[in-house]
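Okay, so here's the structure we're looking at.
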There are 2 protein chains.
Amino acid sequence: MGKTKILLVEDDPNINKLIHDYMTARSFDVYAFSDGPEALDHITMRGLPHIALLDLTLPTMHGFEISSRIKAMADVPIIFITATNDTDTVVQGLKKYAEDFIVKPFELRELEARIRVVLARMPSLDYASEPIIHIDDHLSIDFAHNRVVIGGKSFTLTPTESILLHVLLRRAGQVVENRTLIVRAWAGKDDIYEDTLRVHMHRLRRKLESDSHHPHYIRTERGVGYMFTVRPAEGITVDADSADD
Amino acid sequence: MGKTKILLVEDDPNINKLIHDYMTARSFDVYAFSDGPEALDHITMRGLPHIALLDLTLPTMHGFEISSRIKAMADVPIIFITATNDTDTVVQGLKKYAEDFIVKPFELRELEARIRVVLARMPSLDYASEPIIHIDDHLSIDFAHNRVVIGGKSFTLTPTESILLHVLLRRAGQVVENRTLIVRAWAGKDDIYEDTLRVHMHRLRRKLESDSHHPHYIRTERGVGYMFTVRPAEGITVDADSADD
DNA sequence: GGGCAATTTCAGGGGTTTTTCATGGTAATA
DNA sequence: TATTACCATGAAAAACCCCTGAAATTGCCC
């Protein structure tokens, strides 16, 4: 597996170069841009990064906007870099979009430390590095374009479905609690009920499960949450035999 | 589910009270202390919080020290509150101990936002990430997937059974009182009778005892409670220490 | 505004889990 | 042995959770 990919969007050339050089020296792969559209184009072409560092005030597109677009594709962690210390902005950003917020001027060491903390909490990010993820012979997923290909057929995922699938995939083999799924897919909102989650899981299943009564990929853990399972070969060890109840 | 529990350690009475009152008003359960030892005692007595807010400079115990002790018990997320903006301290803290760092003076809204972000990105501090526990040659337990494998057969545990087994296992070799089991499995509810507990223990036994008349693993201590016993020599080592009520 | 896609709410049904209840068994005590 | 308190067990009722389709709502683009 390759290096960790950082998407950087910062219009001040000096700061941009500083971050780029420092992080590159710390053996990250840094893709640096000075405005939102180019960065989003890059994602469309080359796939998702493991983490995004976004300045807030940019020439044509606000950092929040970029963040929304990225989050509509997948659950990519975001750190905002900003010159303003305005509490409203910070709170709004944290509530709706970001995993962290760092205020200029800052030291690069601190930025690095914060990046690593965030990444440490986001397991299995290898999925984000390949433009197209091949789950097995039947299923492959392209998060940058919100598409799944299953048994030759191709479906478009809605933004919500996309995030849910991404969160599940990132923790493949572990049960992801309903609460966690809701928090990640509907960050900031507080009036989302489990019923809503169920409906979305249902439609996600309809797209990638051939037999929805015996789901192959997405498993329900009653009372807890859902789990993405990668069946036979690699993946997790679910003990050879399972006679089940 | 109950409220989110915050452990607060801050020796400045004003700030302490401010945070306590604000977070309580935002419907968190706040356990506030002015020094490390009392806070750690509280954990030993009353169980782990969902998140800890720690000041760095405290009378007898440094915030880093408290953090180490807590992290040694469980993966509880930590946010440091500090007056210093020293990068070395921040970096060191983030690297080794904390999920986030907030510098005084700060607005309570921002603290709340950061708490929520940290909680949202934690993989849930339940027993969801423990590895498979091998009790002996016949029995192994996988709490992450709520399953037991006994003599080649695999059974799924219901949530209640899972909790009960988990509590018993953590104190393997000791008798766990009925009342304790009830508090653990039905935290918050107050109309649970021992009869109910017995029925659940019965069904737990049916799943992992081959001869329910002569139970091998779960022993009844008449008038007191139940005890999980690991028979011969090389049983498992279930952490000697445990912090519960 | 009209149309379209996505989201959310709602309600029925099915299955599982939890709880209660009733009965018989077992250990301690006098 | 009789009594009492506690426990095991099965069965049935109640509560709960999830699936699913359909309708209502929202949001966006032309």
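For the protein assembly as shown, what class follows from the C-alpha gyration tensor (a ≥ b ≥ c being the square roots of its eigenvalues): rounded when a/c is under 1.5, otherwise prolate if a/b is larger than b/c, else oblate? Let's see the in-between values first.
Values: a/c = 2.14, a/b = 1.27, b/c = 1.68.
Oblate is the answer for the protein assembly as shown, as a/c is 1.5 or above yet b/c matches or exceeds a/b.
What does the helix-only formula give at 222 nm for chain B: each DSSP H stretch with n ≥ 4 adding -39500 (n - 2.57), the total divided by the residues, and the result rounded to the nearest 500 deg cm²/dmol?
Values: 8 runs with 94 residues, N = 245.
One gets -12000 deg cm²/dmol as the mean residue ellipticity at 222 nm.
What is the distance in Å between the Cα centroid of region A:1-28 and that of region B:143-164?
46
Take the alpha carbon atoms of region B:80-96, find their center, do the same for region B:180-204, and report the distance between the two centers in whole angstrom.
44
Normalising by the residue count of region B:53-150, find the relative contact order in percent from Cα pairs under 8 Å and 6+ residues apart.
The normalised contact order for region B:53-150 reaches 19 percent.
Subtracting the Cα-Cα distance from 0.36 nm times the residue separation, let me have the gained length for A:Lys96 to A:Tyr22 in nm, one decimal.
Stretched out fully, the A:Lys96 to A:Tyr22 stretch lengthens by 23.8 nm.
What percent do you get for the relative contact order of chain B when only Cα pairs under 8 Å and 6+ apart count?
This gives 15 percent for chain B.
Just want the ordering: A:Thr24, B:Thr57, from fewest to most Cβ atoms lying within 10 Å of their own Cβ.
B:Thr57, A:Thr24
Separation between the B:Leu108 and A:Ser140 pseudo-spin-labels, each 7 Å from Cα along Cα→Cβ, expressed in nm?
Placing both labels 7 Å along Cα→Cβ, they lie 5.4 nm apart.
Mind checking B:95-106 for the average number of partner chain beta-carbons within 10 Å of each residue's beta-carbon?
Other-chain Cβ atoms within 10 Å of each residue's Cβ, averaged: 2.
Taking a point 7 Å out from Cα toward Cβ as the label site, list the nm distances between B:Arg171 and the same residue in every other copy, smallest first.
Going from nearest to farthest copy, the values are 2.9 nm.
Can you tell me the relative contact order of region B:140-232? Whole percent, Cα pairs under 8 Å, sequence separation 6 or more.
Relative CO of region B:140-232 lands at 30 percent.
Which residues does the label zone of A:Thr156 cover in region A:180-207, counting backbone N under 18 Å from a point 7 Å along Cα→Cβ?
The answer is A:203-207, whose backbone nitrogens lie closer than 18 Å to the label point.
DSSP beta bridges in region A:74-187, what fraction antiparallel, as a percent rounded to 5?
70
Per the Kirkwood definition applied to all pairs of different Cα atoms, how many angstroms is the hydrodynamic radius of region B:77-174?
16.7
Among A:Thr84, B:Thr4, what is the fewest-to-most ranking by other Cβ atoms within 10 Å?
A:Thr84, B:Thr4
Indicate the gyration tensor shape class of chain A (rounded, prolate or oblate), computed on the Cα atoms with a ≥ b ≥ c the square roots of the eigenvalues: a/c under 1.5 is rounded; otherwise a/b larger than b/c is prolate and the rest oblate.
Prolate is the answer for chain A, as a/c is 1.5 or above and a/b outweighs b/c.
Can you tell me the equivalent ellipsoid semi-axes for region A:140-191? Use √(5λ) from the Cα gyration tensor, largest first, whole Å.
22, 14, 7
Label 7 Å along Cα→Cβ of B:Val183; region B:27-68 residues with amide nitrogen under 19 Å?
The answer is B:29-32, B:39-50.
Every read-out reported here was derived from the displayed coordinates using simple, explicitly stated rules and does not represent laboratory data. Everything numeric here is computed off the predicted structure, so don't read it as measured data. Because the Cβ atoms are built from the backbone with ideal geometry, glycine has one as well, and the counts that use them run over all protein chains shown.
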